[in-house]
Amino acid sequence: MTMVRTSTALATLGVVFWALIPSVARACFVCFGGEETEWTAAFVSGTVVMLGLPPAIVLGASFAIYRSVKRNEALLAEQEASEDQPEG
């Protein structure tokens, strides 16, 4: 019984991998045209934006938080320095 399951699983896996070959699936370069169309550049540009935007947002937010913390530390240090000085 396990031999039948193993062979069935291997056959299914083989069909799945065979179907993933672009020429068999009749898929083109970016699913909407050949390599020389405007769609190709549009999809590549969209992919670059989608890959680049999240890290840019995280880095921007991290930098803003860092600057805010440094600004607050400087204000606290200035307040402490003014409290330590005698009036007059």
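Data for the structure
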{"quantity": "Estimated FRET transfer efficiency (residue 48, residue 19; beta-carbon r; R0 30 Å; 0.05)", "calculated": "0.55"}
{"quantity": "Of the GluC sites (Glu not before Pro) in the range 48-88, those whose Cβ has at most 10 other Cβ within 10 Å and which sit in DSSP loop", "calculated": "87"}
{"quantity": "Computed E for residue 62/residue 84 - FRET, C-beta separation, R0 25 angstrom, nearest 0.05", "calculated": "0.15"}
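Each reported figure results from applying straightforward, stated rules to the coordinates on display, with no laboratory input. Remember, predicted model here, so these are calculated numbers, not experimental data. Neighbour counts are summed over all protein chains in view; Cβ atoms, including those assigned to glycine, are modelled from backbone coordinates with ideal geometry.
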